[in-house]
Amino acid sequence: MEVTAIKAGIVIDHIAAGKGLLIFNKLNLAALGYPVVLLMNVSSQRMGKKDIIKIENFTAVDTAMLGLIDPNLTVNVIENCGVARKVCVTTPAIVKGLFACKNPRCVANADPDVSPTFHLHDEKTRSYVCEYCEELTRVN
């Protein structure tokens, strides 16, 4: 299989195998309007297998969302057919509006004007505490 280089855009690399489709769907890349390539189960010396996403002519990716899904991936910004810079994502310390609180009685679930806000509780388990009700939520 041959996938050509892109002149400008981003390459999301080192995605854990199987998580590329989740990222594709969470970022709604099908509706983006730019050429997008999703490669799954690509051989990798470092990881065994990995997924890769290439997006041409687009660089405004939500790194907080990427960090929630796979904090070990990298985002390569491509300019003039080469890597202009690499962005390593991490598990975000504060997450606002990206997922809902697990507590059905939480004000963030009941009031449409309140955006759910979470603070990182434990990076290893990727668990967050709701700012409003202090419910512990683990990101899968």
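Each reported figure results from applying straightforward, stated rules to the coordinates on display, with no laboratory input. Predicted, not measured: the structure shown is a model, and the values here were computed from it. Don't worry about glycine lacking a Cβ; one is built from the backbone with ideal geometry, like all the others, and counts go over all protein chains shown.
Considered as a group, the residues in the stretch 28-46 that are more than 19 Å from ALA5 (Cα to Cα) and polar (S, T, N, Q) include one that is surrounded by the most Cβ atoms within 10 Å (Cβ to Cβ), and that residue is ASN28.
If the condition is being crowded, with 16+ Cβ neighbours inside 10 Å and more than 24 Å from GLY18 (Cβ to Cβ), then the stretch 78-103 contributes ILE78, CYS101, ASN103. Against the criterion of being within 14 Å of the chain's Cα centre (by Cα) and touching a residue at least 24 places away in the same chain (Cβ under 8 Å), LYS26 qualifies. Any residue that is surrounded by fewer than 18 Cβ atoms within 10 Å (Cβ to Cβ) and over 21 Å from VAL139 (Cα atoms) - is there at least one of those in the stretch 9-27? No, every residue in the stretch 9-27 fails to be surrounded by fewer than 18 Cβ atoms within 10 Å (Cβ to Cβ) and over 21 Å from VAL139 (Cα atoms). Just one of (1) farther than 26 Å from VAL139 by Cα; (2) touching a Ser or Thr at 6+ places or on another chain (Cβ under 6 Å) fails for LYS50. It is (1).
The set of residues in the stretch 27-63 that are of a type in the set (D, E, K, R) and within 16 Å of THR74 (Cα to Cα) comprises ARG46, LYS49, LYS50, ASP51, LYS54, ASP62.
Residues that are over 15 Å from ASP13 (Cβ atoms) and either in contact with an Asp or Glu (Cβ under 7 Å, 6 or more places away or on another chain) or aliphatic (A, V, I, L, M) (or both) were ranked within the stretch 47-77; the one that is surrounded by the fewest Cβ atoms within 10 Å (Cβ to Cβ) is ALA60.
Give me the helices (runs of 4 or more DSSP H) completely within the stretch 1-119, filtered to those with at least 1 residues that are aromatic (Phe, Trp, Tyr), ordered by residue number.
Here the list reads 20-26.
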